[in-house]
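All remarks here apply to the structure that follows.
The values are calculated or read from the model by the stated rules, or taken from the named source; none is laboratory data. For clarity, every value in this text was computed on a predicted model and none was experimentally measured. For the accessible areas, the whole protein counts, side chains as well, though only heavy atoms, and no ligand, DNA or RNA atoms are used. Shrake-Rupley method; radii C 1.70, N 1.55, O 1.52, S 1.80 Å.
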Amino acid sequence: WYGANLKNYQYLEQLHKAFPALPLLATEATLEAPSAQHIGSTPWKEAMKYAIDIIGDFNAWTTGWIEWNVLLDSSGGPTCIGPSATSVCTPLVGHCDAPILANANDQTIELRDSYWHMAHFSRFISPGSVRIGVDVVDKVAETVKVTAVVTKGEENGDKVTIVVLNTDGSNTQEYQVKLGGEFATLKIPPHSIQTLVVS
C-alpha cells in the first residue's frame with residue numbers, strides 16, 4: 001500500500017518466488033479522509049484504489065486482504081498514532097476514510113463507495129477459493145484489471161468461476177471472457193467494477 005502504490009506487485013511476485021509456501025496477506029490499506037477527497041479525487045475514485053489493489057495483490061499470490069479501518073466516525077476518526085511520550089496514543093481525527101462511517105450525533109451510518117467495491121470480493125470470493133490465471137490482451141490490459149478464482153457455488157456447492165473486473169478508463173470497454181471453449185462478449189462501463197459468476 002506504500003511506496004509505488006498500486007504499481008508495486010512485482011515485489012509480491014519476488015517474495016512468492018523465494019518462499020512459495022509462505023501465505024501473503026495484505027494487512028494495511030486505508031483511503032484519504034473524507035474531507036480531503038474533494039481535492040483531486042472523489043469517494044468513487046478512492047474506492048477504485050481498493051479494487052485495483054485487491055486485484056493486483058490476488059494476482060501476485062496474496063491469499064487475503066484486510067481493511068485497516070472498516071468503521072470510523074463521520075470525520076474519519078478516531079485514528080491513533082502511538083504510543084507517545086505519555087504512553088497514550090495521539091489521535092488524528094479525520095485522518096482516514098472507511099467503508100462504513102458512523103455519525104454518532106445522528107445515530108446513522110453511511111456505506112461508502114469502498115464498501116460496495118469490497119463487496120465484489122467479499123461476497124463472491126470465499127475462503128478456500130483458488131485463484132486461476134487470466135490472460136488479458138494488451139489493449140484491454142491498459143484500462144481493465146482482472147482476477148479470477150474457482151470457488152464453491154452458493155446454492156448447490158458446485159464449482160464456479162468468479163471474475164472481478166475493474167476499469168479506470170474513461171470509455172466503455174468491450175472484452176471477451178473465454179472459459180473451456182465457450183466465450184461471451186461483454187462490456188464494462190467507464191470507471192466501474194463488475195463481478196461475473198460463471199457456472
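Of the residues ILE52, ILE132, ILE162, the one with the largest accessible area comes first in the ranking ILE132, ILE52, ILE162, computed with a 1.4 Å probe on protein heavy atoms.
How big is the C-alpha Rg of the stretch 153-199 next to the rule-of-thumb value 2.2 N^0.38 Å, as a ratio? Each step should come with its number before you reach the end.
Working: Rg = 12.5 Å, N = 47, 2.2 N^0.38 = 9.5 Å.
In units of the globular-protein estimate, the stretch 153-199 measures up at 1.32.
What number, in percent, do you get for the relative contact order of the stretch 132-199 if the mean sequence gap of Cα pairs under 8 Å and at least 6 apart is divided by its residue count?
Numbers: 116 pairs, mean separation 19.6, N = 68.
Worked out over the stretch 132-199, it gives 29 percent.
Heavy-atom accessible area for VAL160, with the other protein chains in place and a 1.4 Å probe, reaches approximately 20 Å². Straight-line cross-link partners of LYS139 among the lysines, defined as a Cα under 24 Å from its Cα and at least 8 positions apart when in the same chain: LYS7, LYS45, LYS49, LYS178, LYS187.
To put it simply, the accessible area of the stretch 102-199 at a 1.4 Å probe is 49 percent carbon and sulfur.
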